[in-house]
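Report on one structure; see the data block that follows.
The values are calculated or read from the model by the stated rules, or taken from the named source; none is laboratory data. Keep in mind it's a predicted model, so treat the numbers as computed, not measured. All Cβ positions, glycine included, derive from the backbone under ideal geometry; neighbour counts span all protein chains shown.
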Amino acid sequence: MAAHATTPLVLLAALLILALLFDFLNGFHDSANIVATMIASQAMSARGALLLAALANLAGPFLLGVAVAHTVGAEVILPAAMTISVVLAALAAASLWNLVTWYLGIPVSSSHALVGGLVGAAFLEAGGSSIQVAGIVKIVIALLLSPVLAFVAAVAVMAATRRLLRDATPRAGIALSRLQIVTATALALGHGANDAQKTIGMIAIGLLVLGYTQTFTVPWWSIALSAAAIALGTALGGGRIVRTLGARFYHIRPIHGFAAQFSSAIVILGASLAGGPVSSTQVVSMTIAGAGAAERPAKVRWAVLGELAGAWVLTVPAAALLAMPLFLLARAIIGTGG
């Protein structure tokens with residue numbers, strides 16, 4: 001399990017570079033999830049929305065604990081199969097998949113990509129028995145259940161909001177736009193807590209297999225670095241995906257933006273506190289669809305959701321396959337001990 005004694009600092013540097021690159025790309029890719037409805041409904045300017053999301057993303061991991069980090073870092077692959085080659089290959093594969101899908105404008109899940117990368121690399125390292133079934137089941141339940149909960153929550157919130165505002169004047173739209181600042185902040189806090197923790201978990205694994213720690217522990221500086229990387233990625237933003245989520249489903253008005261963000265924040269914050277690594281991409285996409293369907297099902301371009309679902313299904317096997325040659329390359333460079 002240990003890396004060559006002459007290379008721990010080099011391997012630590014490689015670990016941190018790849019982990020923070022993945023985290024940056026995660027923020028860059030997923031910023032659309034947080035700000036798309038705000039920008040589409042003209043609640044805030046793109047620059048203001050991204051800055052708000054970045055600051056809340058930065059605070060998220062500090063405020064909401066590290067339960068997700070433990071799930072990703074300690075409950076997916078057996079400790080005996082966790083080598084530095086597995087960790088580096090998983091991070092590299094997930095980062096590559098994020099880059100490809102960002103370029104194509106497809107909002108996929110960084111969570112799916114990371115889990116796929118871990119499974120693919122660990123399979124080559126130690127075979128199928130290295131995968132912890134209970135941990136995978138926990139993650140799969142979180143990833144399958146969260147979109148359903150998100151859709152149902154958005155339908156309920158949208159219906160309740162429309163009922164409350166049935167006699168409201170057009171000024172209600174202004175109030176909903178302002179409320180989106182609150183809901184976007186809550187959503188970004190949840191996103192930072194859930195997604196940055198995945199990187200924190202990978203750093204913790206790397207420190208363990210390199211011998212820098214004796215047990216799976218999360219140092220404070222890994223939280224700070226991961227939070228900063230995802231915040232920076234969010235601040236720079238992924239405009240291609242903003243257009244997909246903010247315009248292709250239907251014309252989003254302030255009421256839709258409020259309902260989608262409020263529902264997304266509830267689901268993602270709850271998952272973060274419970275230690276369930278969910279896909280913010282799935283959650284936000286389903287709340288946007290749910291908010292539209294509550295008003296009129298025909299309003300939603302369901303074919304777009306079908307395209308996204310296809311990409312979601314493809315992500316885990318694609319990342320697993322990407323991780324395999326990257327694992328072989330890493331092991332060839334590091335040696336069989338890594």
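Within the range 102-127, the set of residues being surrounded by fewer than 24 Cβ atoms within 10 Å (Cβ to Cβ) and either of a type in the set (V, I, T) or closer than 20 Å to A330 by Cα (or both) comprises I106, V119, F123, L124, E125, A126, G127. Among the residues making up the range 66-91, those that are buried (at least 24 other Cβ atoms within 10 Å of the Cβ), under 16 Å from the mean Cα position of the chain (by Cα) and of a type in the set (G, A, S) are A69, G73, A90. The C-beta contact set for the range 86-102 (first residue within 15 Å of I205 (Cβ to Cβ) and touching a residue at least 24 places away in the same chain (Cβ under 8 Å), second residue surrounded by 24 or more Cβ atoms within 10 Å (Cβ to Cβ) and hydroxyl-bearing (S, T, Y), distance under 8 angstrom, 6+ apart or interchain) comprises A94/S110. Among the residues making up the range 233-263, a single one is modelled with pLDDT under 60, over 15 Å from D30 (Cα atoms) and surrounded by 23 or more Cβ atoms within 10 Å (Cβ to Cβ): F249.
Going residue by residue through the range 157-172, is there one that turns out to be surrounded by 20 or more Cβ atoms within 10 Å (Cβ to Cβ), within 19 Å of I34 (Cα to Cα) and β-branched (V, I, T)?
Narrowing the range 157-172 to residues surrounded by 20 or more Cβ atoms within 10 Å (Cβ to Cβ): 157-158, 161.
Pick out the ones that are also within 19 Å of I34 (Cα to Cα) and you get 157-158.
If we keep only those that are β-branched (V, I, T) as well, we get 157.
Yes; the residues of the range 157-172 include at least one that is surrounded by 20 or more Cβ atoms within 10 Å (Cβ to Cβ), within 19 Å of I34 (Cα to Cα) and β-branched (V, I, T).
Name the single residue that is surrounded by the fewest Cβ atoms within 10 Å (Cβ to Cβ) among those in the range 288-331 being aromatic (F, W, Y) and either over 26 Å from M158 (Cβ atoms) or within 20 Å of the chain's Cα centre (by Cα) (or both). Among them, the one singled out is W312.
Residues are listed down the side, and each one gets a yes or a no for (1) in contact (Cβ under 8 Å) with a residue 40 or more places away in the chain; (2) of a type in the set (S, T, N, Q); (3) in contact with a helix residue (DSSP H, G or I) (Cβ under 6 Å, 6 or more places away or on another chain); (4) more than 14 Å from A150 (Cα to Cα):
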site	(1), (2), (3), (4)
F258	yes, no, yes, no
S263	yes, yes, yes, no
V267	yes, no, yes, no
G292	yes, no, yes, no
E295	yes, no, no, yes
G335	yes, no, no, yes
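Checked against the criterion of being assigned to a helix (DSSP H, G or I) and over 20 Å from L50 (Cβ atoms), the range 210-219 has no qualifying residue.
Go through (1) at pLDDT 80 or above; (2) more than 17 Å from the chain's Cα centre (by Cα) and name the single condition L118 misses. Evaluating L118 over (1) at pLDDT 80 or above; (2) more than 17 Å from the chain's Cα centre (by Cα) leaves (2) as the failure. Evaluate the range 182-191: report whether one residue or more is in contact with a Pro (Cβ under 8 Å, 6 or more places away or on another chain) and either within 26 Å of A293 (Cβ to Cβ) or among the hydroxyl-bearing types (S, T, Y) (or both). For the range 182-191, residues in contact with a Pro (Cβ under 8 Å, 6 or more places away or on another chain) and either within 26 Å of A293 (Cβ to Cβ) or among the hydroxyl-bearing types (S, T, Y) (or both): absent.
Here are L51, L99: which of them is closer than 17 Å to G233 by Cα, surrounded by fewer than 21 Cβ atoms within 10 Å (Cβ to Cβ) and in contact with a His (Cβ under 9 Å, 6 or more places away or on another chain)? Spell out how you get there, then give the answer.
Values: L51 fails: in contact with a His (Cβ under 9 Å, 6 or more places away or on another chain).
Exactly one of L51, L99 is closer than 17 Å to G233 by Cα, surrounded by fewer than 21 Cβ atoms within 10 Å (Cβ to Cβ) and in contact with a His (Cβ under 9 Å, 6 or more places away or on another chain), namely L99.
Looking across the range 54-65, the residues that are buried (at least 24 other Cβ atoms within 10 Å of the Cβ) and under 19 Å from G276 (Cβ atoms) come down to N57, G60, P61.
Considering only residues that are out of contact with any Phe, Trp or Tyr (no Cβ under 9 Å at 6 or more places or on another chain) and surrounded by 16 or more Cβ atoms within 10 Å (Cβ to Cβ), look in the range 214-227 and name the one that is farthest from V68 (Cα to Cα). Applying the filter and picking the extreme gives L225. Assigned to a helix (DSSP H, G or I), farther than 20 Å from G276 by Cβ and at pLDDT below 80: does that describe A80? It is false that A80 is assigned to a helix (DSSP H, G or I), farther than 20 Å from G276 by Cβ and at pLDDT below 80. Criterion applied to E295, E307 was being more than 22 Å from A142 (Cβ to Cβ) and either touching a Leu at 6+ places or on another chain (Cβ under 7 Å) or at pLDDT 80 or above (or both), and the one residue passing it is E295.
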